[in-house]
């Protein structure tokens with residue numbers, strides 16, 4: 001396992017992910033598994049430290065988990081590493097994901113299931129982004145939201161541009 005981790009760490013780590021005060025372990029497990037699937041090497045946990053790792057299906061063993069006791073500690077780490085902090089939340093001033101800038105060195109941040117992100121984190125983030133929704137509710141599961149935003153970043157920065165439309 002150590003050799004696999006060392007090989008994975010050779011890839012430049014441009015995308016990181018953070019969660020703030022998640023309360024449901026199954027959501028944390030889903031987010032960790034999605035982060036691993038999309039090549040994220042570092043996940044930041046802000047606030048709540050303990051979680052049941054069973055839902056991560058051992059994928060947490062292949063990435064680095066860093067704990068931050070506060071939003072300030074997390075933001076200081078991101079500034080030192082020169083990351084853009086993009087908060088995901090359905091708030092009044094958020095930019096739709098389809099129109100949002102997602103720089104290469106980005107840390108996507110997701111909040112608790114009920115309350116979303118704290119006003120402190122929303123105020124300190126470089127951008128606040130919302131996933132466009134078209135149904136009757138205005139929220140989706142945090143694990144699903146993380147998967148959507150991770151894929152969007154990967155689509156923009158890692159996938160080749162391919163046209164599947166051909167005129168006959």
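The values are calculated or read from the model by the stated rules, or taken from the named source; none is laboratory data. This structure is a prediction, so every number in the text was calculated from the model and none was measured. All Cβ positions, even for glycine, are placed from backbone atoms using ideal geometry, and neighbour counts span all protein chains on display.
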Single match in 48, 54 (criterion: modelled with pLDDT under 95, more than 17 Å from residue 126 (Cα to Cα) and in a helix (DSSP H, G or I)): 54
For the stretch 102-125, state whether one or more residues are part of a strand (DSSP E or B) and exposed (fewer than 12 other Cβ atoms within 10 Å of the Cβ). no
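Per-residue answers, yes or no, for (1) in contact (Cβ under 8 Å) with a residue 24 or more places away in the chain; (2) touching a strand residue (DSSP E or B) at 6+ places or on another chain (Cβ under 6 Å); (3) part of a strand (DSSP E or B):
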site	(1), (2), (3)
86	yes, yes, yes
92	no, no, no
129	yes, yes, yes
134	no, no, no
137	no, no, no
148	yes, no, no
154	yes, no, no
159	no, no, no
Test for residue 76: is it modelled with pLDDT of 90 or more, outside any helix (DSSP H, G or I), closer than 19 Å to residue 128 by Cα and out of contact with any strand residue (DSSP E or B) (no Cβ under 6 Å at 6 or more places or on another chain): no
Take the stretch 112-127 and flag every residue that is touching a helix residue (DSSP H, G or I) at 6+ places or on another chain (Cβ under 7 Å) and closer than 14 Å to residue 18 by Cβ. 118, 120, 121, 124
I need the full set of residues from the stretch 80-98 which are surrounded by 12 or more Cβ atoms within 10 Å (Cβ to Cβ) and farther than 19 Å from residue 133 by Cα, in order please. 81, 83, 84, 85
Checked the stretch 24-43 for anything modelled with pLDDT under 85 and part of a helix (DSSP H, G or I); matches are 25, 26
